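FYI, it's all coordinate maths here, none of it is from the lab. Note that this is a predicted model, so its numbers are computed, not measured. Cβ sites come from the backbone with ideal geometry, for glycine too, and all protein chains shown count toward neighbours.
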4 protein chains.
Amino acid sequence: MSENHVLRVECADAKGLIHKITGVLYRQGLNIIENGEFVDSEIGRFFMRTEVAGKADAKKITAELQKHLPPEAIVGMVRDRKKDIVLFATTEPHCLGDLLIRHAYGELPANVLAVVSNHDSLKSLAGRFKVPYFYAPADGKAREAHEAALLKILSRLKPEYIVLAKYMRILSDKFVGRFKGRILNIHHSFLPAFAGASPYQQAAERGVKIIGATAHFVTPALDDGPIIAQGVVPVDHSHSASDIAQAGHDVEKIVLTKALKLALEGRIFVSGNKTIIFD
Amino acid sequence: MSENHVLRVECADAKGLIHKITGVLYRQGLNIIENGEFVDSEIGRFFMRTEVAGKADAKKITAELQKHLPPEAIVGMVRDRKKDIVLFATTEPHCLGDLLIRHAYGELPANVLAVVSNHDSLKSLAGRFKVPYFYAPADGKAREAHEAALLKILSRLKPEYIVLAKYMRILSDKFVGRFKGRILNIHHSFLPAFAGASPYQQAAERGVKIIGATAHFVTPALDDGPIIAQGVVPVDHSHSASDIAQAGHDVEKIVLTKALKLALEGRIFVSGNKTIIFD
Amino acid sequence: MSENHVLRVECADAKGLIHKITGVLYRQGLNIIENGEFVDSEIGRFFMRTEVAGKADAKKITAELQKHLPPEAIVGMVRDRKKDIVLFATTEPHCLGDLLIRHAYGELPANVLAVVSNHDSLKSLAGRFKVPYFYAPADGKAREAHEAALLKILSRLKPEYIVLAKYMRILSDKFVGRFKGRILNIHHSFLPAFAGASPYQQAAERGVKIIGATAHFVTPALDDGPIIAQGVVPVDHSHSASDIAQAGHDVEKIVLTKALKLALEGRIFVSGNKTIIFD
Amino acid sequence: MSENHVLRVECADAKGLIHKITGVLYRQGLNIIENGEFVDSEIGRFFMRTEVAGKADAKKITAELQKHLPPEAIVGMVRDRKKDIVLFATTEPHCLGDLLIRHAYGELPANVLAVVSNHDSLKSLAGRFKVPYFYAPADGKAREAHEAALLKILSRLKPEYIVLAKYMRILSDKFVGRFKGRILNIHHSFLPAFAGASPYQQAAERGVKIIGATAHFVTPALDDGPIIAQGVVPVDHSHSASDIAQAGHDVEKIVLTKALKLALEGRIFVSGNKTIIFD
């Protein structure tokens, strides 16, 4: 693991921000190895992500930056290291399996602390990779009781991110609110969009020529939170609903991994209901 | 232009259909150079498109086929030749221009009879390609009166297909019903979908990562008819609404041309609200 | 597993072939559920793949078909069932892992009999999925001796297909000749192409904007055999050689699975050095 | 046209570069509206493109910047305005037509000064858009004589960029050397690559599943200069060489326009034989 640090700043746009921020880094003798800034001109807001090499006193630098930036500025600096994550799943193995195998072979900058599921059918999959599996049944339980069980597990594990790898239950606003900007979800996406059950069946009946997947942050009071990544695959009339589902699963797992890596590397800012990503 | 013929058959599925149909062609001494069949097993319906080389008496073959097929069978056989089309547009030049330039250089198996528009701003574009331009203003007119003007133009031109190349008015069910399966439209498509005005502005604000275009047949009493072709392009937060519109225009023109060629070559069947395409 | 059968025919093109072939099936009372034919007009050769439902006496039908077809015709009919395959790998886990996990969850119409490798580093990966692992070291051995060891393993396992899931050794013409049309390989592909070592490093230095993967049959005396499937992903200057390799691995595993499924379902014909695929 | 300016800097990497550069802009009261930097760590080189709003004295700022940067630094600042370009073509209309129509409708930040061709067949196409056409025949001429004619035309027109829109002649190193980094070319690209004549025929015979196009800068003594943009489309065995050529043309025109816009907006740096693009 490198000695690199990632600095993230967001504040109202103003002249001289980059100059001031890079001045603090320069005076600390740090070398910028990757830098991205963006001004959302619609709302006049400035976003910056900077990766620096060299020994850095993050606390001191953050304090110094706050002196040069407006009081409302959000400043964060962390060492570039593996993040602790928990994977939520229900019964579908494709996303969970892909994440576990990438994790096992060092492809993810993450420690997978555990798999949490409302079913026990994926226990053997987690077991293959020696990852702890918490079975928190939801059937016949009130949502509050189920989420209390989840929270108990999470309070012990203290993950930095929760990844809904085809977790097929809706989380309450209260639950979501406790992990603001830290829960990622993946869902299938179609042109046109379909509501309700059996979306792949509907897609087959509607004869769509492209299907896709969208990874997004989960937010309360919103169907879909800020979009992180999207992908598509072509399909045609010869594909059954089950063929389409299979193609959809492949794109889901690629898109979820892509989004998760962006989150783990601190590359995503949320501005209103959209993301700004320094890739 | 070739001496090829395209035979199209659709009927309830049954054993032996391909054998019977190809038997008729074989006894006529015709060589099959391209063949596609599909059974929509959900509804038990058979579709077949066959391209044959050699001199063929289409009328006789059609009559012969009907003897071997159930009475409800829809059988058509036409010589492979350029089709007559009319292009409808409003003010955006990207789709119209692309079609006109392809037409001018022989890329489309079509004769563009005319451009029809509710504005006069694209008259010079049609003029560059020496294609007649009919200006049928709609402002301040009742829809019936406007459509009556359109119908008058069309009744003289007798096009086989009408291509809505960014024609920004909704056609009445009555109008659409007169050209069943013969009007193609292109529209932008997003994940998620947006209703209402300024879709590109909405897409930018929502931070979508992919935008697309859908070409479809226009049908009465339906927002979107059977989908013929779809395409997408990636976008990101750095794209303004106008950048997204520009990217969208590029994919629109590619997708509309693709759909139009499929229609002109008789490759599309409509089954319920979906298309079956022998590409 | 279904009672379906897949019939495959290839022969010199002639009038009436489809009629004759479907006639045999019709007289046997079989229902065609999927059918594809193609005539490679450059060489005048006919290819047909037909999937039929219902109890079928494959031996009898094949014999009957041979009566109606020219003597050189290649006719095969097999019940649609899982095929036996062996996976070859070296040290990279991405393709092997993806195939093993898909196999474990029923996504592949195949029985993975074993993993064979010239290294022992992927033994634990095969072990997670309880698939036998044969370690056949190649270092310090003559190619003949190494391949003799491979052949000994294969003669016991009798796989229908061998999948080179990043097996990094070149197989001799003699070895390849024993499994004609039955060995699949995946390799990275670039625009422009790079020869020699460290292709990802070269791609990064050359600043390519797209990288890809090609799945193909392995043939003797040819660098690359007939291409089955290809895929690409965009990259840019900000991607290091290692980022490009990672993106390349993702596309490799998707493309290899796609190609393998096409082979397992009998959808691929080889004509000269190209494939004809009924997808 | 905006009052924006684009500043471009490249030099050996060192600590504090961004701070110093943005300091000069800040002291001039300029607001940064878009900024991109990249360090090519392999060769220790720094690249930065900054777009600023507000009245700027480019000469003064450039001089000021040079005081703070190492003597070898390459610094340029220009007002964001339409660039003068000349289009070279031979006989294929697809790229030329697409550029002319985009130009006519304001999609390109460029003034197309003229079309130059070694054939006269595209004269009518340029004429449709009222763009001057220079016919400089090459047949039966020595390359020197032909290029002398081209240079005479160009010396009068003084274009900032030359776009080879399917110009099918090889330009001499001497010619290319006079327009370093200012000539863009588009060519078809395949996986695997094909040398020699009839590449689409070869692609069809080889059964490739993807074809593409590459836009690049033309450089002396190199087959292919730095790649700017690439695109691909899927094809299959049912596509004839002519179908593949048609699909290839569509991707060529999209990719060439994309590359040209990047060049016109000053978004491309060349580092060795690769490009760094701030998109």
Distances in nm between the label point of residue C:233 (7 Å along Cα→Cβ) and its equivalents in the other copies, shortest first, are 1.5, 2.3, 2.5
Of the convex hull drawn through the C-alpha atoms of chain A, the volume per residue in Å³ is 149 Å³
A correct Kirkwood calculation over the Cα atoms of the protein assembly as shown returns a hydrodynamic radius in Å of 32.2 Å
Which of C:51, C:42, C:144 fluctuates most in a GNM of chain C (C-alpha springs under 10 Å)? That residue is C:42
One residue of chain C has its C-beta nearest the axis rotating C onto A; that residue and its distance in whole Å are C:128, 2
So, in nm and shortest first, the distances from residue B:41 to its counterparts in the other copies, with label points 7 Å along Cα→Cβ, work out as 3.3, 5.3, 5.5
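In the P(r) worked out for region D:1-160, what percent of Cα pairs fall beyond 24 Å? Walk me through the numbers before you get to the answer.
On the way: 6742 of 12720 pairs.
Summing the P(r) of region D:1-160 above 24 Å gives 53 percent of all pairs.
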Here region A:29-43 yields Karplus 3J(HN,Hα) values (6.51, -1.76, 1.60; θ = phi - 60°; whole Hz; Gly and Pro given as x) of x, 8, 9, 7, 9, 7, 8, x, 9, 8, 10, 7, 6, 4, 10
Whole-Hz Karplus couplings 3J(HN,Hα) for region B:45-51, θ = phi - 60° and coefficients 6.51, -1.76, 1.60, Gly and Pro as x, run 10, 10, 10, 8, 10, 10, 10
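With 10 angstrom as the radius, rank A:82, C:166, D:15 by how many other C-beta atoms surround their C-beta, starting from the fewest. It would help to have the intermediate numbers written out before the result.
Numbers: A:82 14, C:166 23, D:15 18.
Ordered by Cβ neighbours within 10 Å, fewest first: A:82, D:15, C:166.
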Listed residues A:127, A:207, A:140; largest mean-square fluctuation, Gaussian network over chain A with Cα springs below 10 Å, found at A:140
Comparing A:251, A:75, A:112 in a Gaussian network model of chain A (Cα, 10 Å), the one with the largest mean-square fluctuation is A:75
The Kirkwood hydrodynamic radius of region B:9-77, taken as the inverse of the mean 1/r over all distinct Cα pairs, in Å, comes to 12.3 Å
Projected onto their principal axes, the Cα atoms of region C:163-279 stretch, largest extent first, over whole-Å spans of 43, 31, 22
Amide H contacts under 5 Å for residue B:13, restricted to residues at least 5 apart in sequence or on another chain and with H modeled in the peptide plane, are B:45, B:46
So, over other residues within a Cβ distance under 11 Å of residue A:148, counting Lys, Arg +1 and Asp, Glu -1, the net charge is +2
Computed over the Cα atoms of region D:211-279, the Rg and Dmax in Å are 13.9, 41
Computed ³J(HN,Hα) along region D:177-183: with the Karplus parameters 6.51/-1.76/1.60, θ = phi - 60°, integer Hz and x for glycine or proline, the list is x, 6, 10, 4, x, 10, 10
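Using the Cα atoms of region C:83-168 to build a convex hull, what is its mean projected area in square nanometres?
On the way: hull surface 20.2 nm².
Value for region C:83-168: 5.1 nm².
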As a percent rounded to 5, the proportion of antiparallel DSSP bridges among beta bridges in chain B is 70 percent
One decimal, nm, nearest first: from residue A:71 to the same residue in each other copy, label points 7 Å out along Cα→Cβ, the values are 5.1, 8.7, 9.9
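Contact order normalised by length for region C:83-277, with contacts defined as Cα pairs under 8 Å and 6 or more residues apart; what percent is it?
On the way: 350 pairs, mean separation 37.8, N = 195.
Relative contact order, region C:83-277: 19 percent.
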